[in-house]
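Nothing in this text is a laboratory measurement; each read-out follows from the coordinates by a stated rule. Worth saying up front: this structure is predicted, and the values here are computed from it rather than measured. Heads up, the Cβs are rebuilt from the backbone with ideal geometry, glycines too, and the neighbour counts pull from every protein chain shown.
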Amino acid sequence: MNRHILSILVENQAGVLSRITGLFSRRGYNIDSLSVGVTEKVNLSRITAVVNCDDMAIEQIIKQVQKLVDVIRVVELDSNRAVFRELALIKVECNNTTRSDIVSITDIFRANIIDVATESLTIEITGDQEKIRAFTDLMAPFGVKEIVRTGLTALCRGNNTMKKNIKKIEFNESCI
């Protein structure tokens, strides 16, 4: 099984997300990560979905998603031709002796401390999944109290946009 990242441009209508996620679940595919938000045009939303499946299955999934009424375009993002980011908020236990070590590690990772309490720090970190995993591994010895992650979000590199010549795509078209 391979990891596939789909960027789906849709009409910003009630029920669209439910229909798309339902399509995945009816076919027995779990969505590993899901990120959804309004685009620069309030009538359009972009869904970034990460799914693990074989190449033949992703071809079928793309074809079926394209057939949904409110779907404008589907693109499978190539890791070499797109920018991927995720946001995580991590609450870490701390005291007077560990606080400076946590702050130092946070600075190295270019993360931000967004809340300070007497026995914890809440840290915001943005990056790829490996960066977030490395940071959480370093925070583990201090005691991670909570983690919440946004899910992967992505854009094509360079000047290409999904809305360029808006049309439904064929499977072999990708983020170039």
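Place a point 7 Å from the Cα of Arg99 along the Cα-to-Cβ direction; which residues of segment 144-161 have their backbone N under 19 Å from it?
Residues passing the 19 Å test: 144-145.
For a label point 7 angstrom out from the Cα of Leu138 toward its Cβ, which stretches of segment 96-110 have the backbone nitrogen within less than 12 Å?
101-110
With no solvent and one point on each alpha carbon, what is the Debye value of log10 I(q)/I(0) for the chain at q = 0.08, 0.12, 0.13, 0.15 Å⁻¹?
Each listed q corresponds, in turn, to -0.32, -0.65, -0.73, -0.87.
Calculate how steeply helix 55-66 sits against the longest principal axis of the alpha-carbon atoms of the chain, using the helix alpha-carbon long axis, and give the answer as 0 to 90 degrees to the nearest 10.
70 degrees
Convert each backbone phi in segment 122-139 into a coupling constant with the Karplus relation 6.51 cos²θ - 1.76 cosθ + 1.60 (shift: θ = phi - 60°), then list the ³J(HN,Hα) values in order as whole Hz, x for Gly and Pro.
10, 10, 9, 10, 10, x, 7, 4, 5, 5, 5, 5, 4, 5, 5, 4, 6, 7
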